[in-house]
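All remarks here apply to the structure that follows.
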Amino acid sequence: MVEDIIPLGEKLSRRAQATPNAPAVSCGETTLTCGQLEARANRIARALERLGVKLGDLVTIGLPNGVNFIEACWGVWKLGATPQPVSFRLPNAELRAIVELAEPPIVIALPGMEAGRRGVTVEDLLALCPDDRPIEPRVSPVLKAVTSGGSTGRPKLILSGFRGETLADPTHGPNFWRFGPGDTALIPGPLYHNGPFGCAMEALSKDAHVVVMPRFDAEGVLAEIDRRRATWVYLVPTMMSRIWRLPNEVRARYNISSLKTLWHFAAPCPPWLKEAFINWLGPEVIMELYAGSESQACTTITGSEWLNRRGSVGRVYVGEMKAFDADRNVLPPGEVGEIYMRRPEGSPPSYFYRGATARVLPGGWESLGDIGYFDADGYLYLADRRTDMILIGGSNVYPAEVEAAIDEHPQVMSSAVVGLPHEDMGSSIYAIVQARPGLTEGALLAHLAERLVTYKLPRTIEFVDEPLRDEAGKVRRAQLRDERIAQIKSTCLPSITSVACLK
């Protein structure tokens with residue numbers, strides 16, 4: 001073991017010894033100090049050991065945002081096991097499919113979640129073991145195992161290639177995330193998603209105070225920044241859009257001058273929205289990351305850089321990325337292709353799939369399915385997912401571009417664009433829009449006509465009441481498309497080549 005690298009469980013113990021009364025994690029009106037989090041994590045670890053959890057086991061965690069989620073993860077790490085977070089809202093069938101892949105001896109979840117394995121609550125574990133003494137430090141061979149359904153709808157596990165370790169001194173080494181001792185990091189996203197999960201746990205390991213929100217609320221984010229004097233926040237573009245849509249007088253109500261860093265990733269950010277946040281908070285505050293849960297490589301870009309490279313997600317920060325054509329040739333700057341990534345030379349794998357296989361090219365290149373191009377200076381510009389691209393009369397249409405134009409309308413709350421079969425053009429653009437009352441199809445099309453070329457305009461617009469993206473800003477376009485095609489089949493048989501019957 002490298003001298004300055006220690007197990008995550010040992011890191012928490014040292015922090016609790018050094019600053020036992022400092023806040024470690026808060027949610028709502030509940031705060032655990034470093035000493036309290038350490039004691040409860042030790043009890044959870046000992047209880048899990050009594051229940052048969054061993055070094056290297058995956059432990060499924062199906063809990064809502066809160067201090068219980070954090071202390072459950074740290075209890076698992078103290079035992080040398082691996083947290084495997086899942087949504088507490090999963091249907092039982094989907095939960096069981098994930099658990100079959102993970103094969104955990106124990107599932108820590110809410111009562112009533114039927115996972116096909118023994119289920120316990122955090123309260124059950126704490127009641128089982130009152131002994132809060134530190135246990136012998138152990139290193140989890142796999143840091144985390146996050147879940148991804150992707151566009152296929154079939155679950156897969158992404159097992160981290162990194163171990164459950166961290167720097168003993170958080171002030172040593174590069175500070176990629178821009179937080180450390182004395183900072184307060186606000187996490188409004190669901191902890192079962194990789195982005196919020198990773199940021200929350202990294203902030204704790206860097207001795208920051210982590211504040212999680214039970215659920216995202218646009219005004220609530222501003223209120224928590226004001227109340228906690230938060231210096232750091234993680235958002236996704238959907239959250240940013242909802243915050244920006246608040247009335248000006250509501251946004252002005254809160255003092256958010258403490259905020260030094262806003263990171264956003266997990267989904268494309270419309271340029272108009274990013275520019276609005278840069279103008280509001282300052283370019284030095286806004287940071288963007290592009291990467292996958294697989295962590296083969298990543299790009300970053302500051303707000304200041306973005307102003308000179310509008311629409312870019314940055315230059316490669318770790319690993320390598322290149323755009324390839326359909327014949328597996330590397331493309332020159334400016335030409336759109338599929339983005340492939342690989343680890344830095346000599347580095348071990350950053351992940352392992354369970355339940356899926358990677359899309360690969362010779363030489364260690366792997367793709368997450370994104371389409372884009374690099375400019376002459378190495379800045380990456382993304383178009384969309386390979387599987388989501390719509391081909392209309394020989395022209396490529398990227399749903400994210402159309403969605404960005406739709407979302408720019410002040411009455412739109414969220415949108416998703418899919419391609420449906422069309423007998424003449426091959427596909428037609430179908431827009432599903434969650435909007436405030438009063439928005440008409442004609443008004444929205446007039447708005448889009450000023451921003452999109454004719455062939456990119458939706459042929460059909462469906463207004464819905466429910467959000468189209470989940471709490472992490474993700475949208476399952478394949479599922480939405482399949483549902484609309486099934487609707488066409490049921491209402492317009494025998495032909496499914498036109499969407500006109502849905503109007």
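Readers should treat all values here as calculations from the given coordinates under stated rules, not as data from a laboratory. All of these numbers come straight from a predicted model, not from anything done at the bench. Every residue, glycine among them, receives a Cβ derived from its backbone with ideal geometry; neighbour counts consider all protein chains shown.
Couple of notes before you dig in:
- Modelled this way, with points 7 Å down the Cα-to-C-beta line, the labels at THR31 and ASP377 are 4.4 nm from one another.
- Folded to 0 to 90 degrees: helix 477-492 orientation relative to the chain principal axis, Cα: 50 degrees
- Using θ = phi - 60° and Karplus 6.51 cos²θ - 1.76 cosθ + 1.60, couplings along segment 58-69 (whole Hz; Gly, Pro as x): 8, 10, 6, 10, x, 10, x, 4, x, 5, 4, 4
- Relative protection proxy for 476-488, 190-202, 168-180, from highest mean packing down: 190-202, 476-488, 168-180 (other beta-carbon atoms within 10 angstrom).
- Two-site FRET efficiency, SER257 against GLN17, from Cβ-Cβ distance with R₀ of 35 Å, rounded to 0.05: 0.55
- Estimated inter-spin distance, THR121 and ARG178, nm [label 7 Å along Cα→Cβ]: 4.0 nm
- For ARG50 and LEU246, the FRET efficiency from 1/(1 + (r/R0)^6), where r spans their Cβ atoms and R0 equals 56 Å, is about 0.70.
- Couplings 3J(HN,Hα) for segment 167-173, derived from phi with the Karplus relation 6.51 cos²θ - 1.76 cosθ + 1.60 (θ = phi - 60°), are 5, 5, 10, x, 8, 8, x Hz, where x marks Gly and Pro.
- Spatial separation of Cα centroids for segment 294-341 and segment 451-488, in angstrom: 27 Å
- Pairs beyond 18 Å (Cα-Cα), from LYS274/LYS322; LYS11/LYS78; LYS54/LYS78; LYS156/LYS474; LYS78/LYS144; LYS206/LYS260: LYS274/LYS322
- With the charge dipole of the chain set up from +1 on Lys and Arg Cβ and -1 on Asp and Glu Cβ about the Cα centre, the Cα lying farthest toward the positive end among the listed residues SER367, CYS269, GLN487 is that of GLN487.
- Going from the residue with the fewest nearby Cβ atoms within 10 Å to the one with the most, PHE374, PHE463 rank PHE463, PHE374.
- Positive-end residue, segment 1-165 charge dipole about Cα centroid, Cβ charges, pick of SER148, VAL67, ILE6: SER148
- Ellipsoid semi-axes for segment 1-165, based on the Cα gyration tensor and the rule √(5λ), read 26, 18, 15 Å when sorted largest first.
- Here TYR381, TYR351 are placed in order of increasing Cβ neighbour count within 10 Å, fewest first, which gives TYR381, TYR351.
- Treating each Cα of the chain as an identical point scatterer and summing with the Debye formula, the log10 of I(q)/I(0) at q = 0.08, 0.10, 0.13 Å⁻¹ comes to -0.52, -0.82, -1.36.
- In a simple Cβ point-charge model (Lys, Arg +1; Asp, Glu -1; nothing else charged), segment 1-165 has a dipole of about 220 debye relative to its Cα centre.
- 15 Å reach of a label modelled at ASN308, 7 Å along Cα-to-Cβ, counting backbone N of segment 282-299: 283-284
- Extending 7 Å from Cα along the Cβ direction at ASN329 and again at GLU136 yields two label points whose distance is 6.0 nm.
- Packing-based exposure ordering (other Cβ within 10 Å, fewest first) of SER427, SER304: SER304, SER427
- Size of charge dipole - the chain - debye, nearest 20, with Cβ of Lys, Arg +1 and Asp, Glu -1, no other charges: 600 debye
- Amide hydrogen neighbours beyond the local backbone of SER414, cut-off 5 Å, H modeled: GLN434
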